[in-house]
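Only one structure is covered here, and it is reproduced in the block below.
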Amino acid sequence: MKKFQFELPALRVLENEHNYLSYLMDGWHTIVLGFERDIYNEEEAREALQTLRKLIIEFIEPLKNHTEKEEEILFPLLSKYIGDEQGPIRALEDEHEEIDSYIGHFLHHTLGNLNELSLQEMKDIVKDAGEAFEVITIHFVKEQSIVFPMVINTLRITEQDQLFDDLYTSIIS
């Protein structure tokens, strides 16, 4: 089991969610890597694409629940001190939109009959899932290296305690 980097309970909640989401992403990123490495023939690619679509759909709800917590609880609390017009909060919110965009684009292009897609078309579509993975991975690093220390250094103890109470909910239904 991965050790926690942060002692503050509110940050442990978020860090644990990052770990869980990363675990889910690893499951579908393996398929993306298979496409990038040309390991699939057309029939295998079609099956892999169907599996990838299923795994990403299962990933969406916990991801959305996590990002909603950040946008509705964490970011507004921090923005009282650092603002949200520019800087890390704005950048992270923009990344949430970018992630939604990549996932939405992938799902849109895998809605129809996958039997009509060529191997190259499938590889092109899967690139959106790969981009989503990269953005999410870097996003988590930014949060843990920039935003989490801000929580420790900026928020009062009572705010940190309240943040824990507010964040301590499951992202899994």
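The values are calculated or read from the model by the stated rules, or taken from the named source; none is laboratory data. Keep in mind that this is a model prediction, so the values were computed, not measured. Heads up: the accessible areas ignore ligands, DNA and RNA and are worked out on the full protein's heavy atoms, side chains in. Shrake-Rupley method; radii C 1.70, N 1.55, O 1.52, S 1.80 Å.
Between helix 157-167 and the chain there is an angle of about 30 degrees, using the helix long axis and the longest principal axis of the Cα atoms. Close Lys pairs in the chain, defined as Cα atoms under 27 Å apart and 8 or more places apart or on different chains, number 19. Among (1) 57, 36, 27; (2) 49, 39, 32; (3) 36, 35, 30, find the value of Cα extents along the principal axes in Å that was calculated from the structure presented, and write down its label. From the options (1) 57, 36, 27; (2) 49, 39, 32; (3) 36, 35, 30, the structure gives (1).
The 3J(HN,Hα) values that the Karplus relation (6.51, -1.76, 1.60; θ = phi - 60°) gives for region 124-135 are, in residue order, 5, 5, 5, 4, 4, 5, x, 5, 4, 4, 5, 5 Hz. Gly and Pro appear as x. In the chain, the portion of solvent-accessible area held by carbon and sulfur atoms comes to 52 percent [1.4 Å probe, whole percent, DNA, RNA and ligands not counted].
Using C-alpha pairs below 8 Å separated by at least 6 residues, the relative contact order for region 18-173 is 37 percent. Residue order by solvent-accessible surface for R37, R156, R53 is R37, R156, R53, largest first, with ligands and nucleic acids left out and a 1.4 Å probe. Hey, what angle do you get for helix 9-36 against the long axis of the chain, alpha-carbon based, 0 to 90 degrees rounded to 10? The angle comes out at about 10 degrees. Phi angles of region 86-93 translate, via the Karplus equation with coefficients 6.51, -1.76, 1.60 and θ = phi - 60°, into HN-Hα couplings of 8, x, x, 5, 4, 4, 5, 5 Hz per residue; Gly and Pro are given as x.
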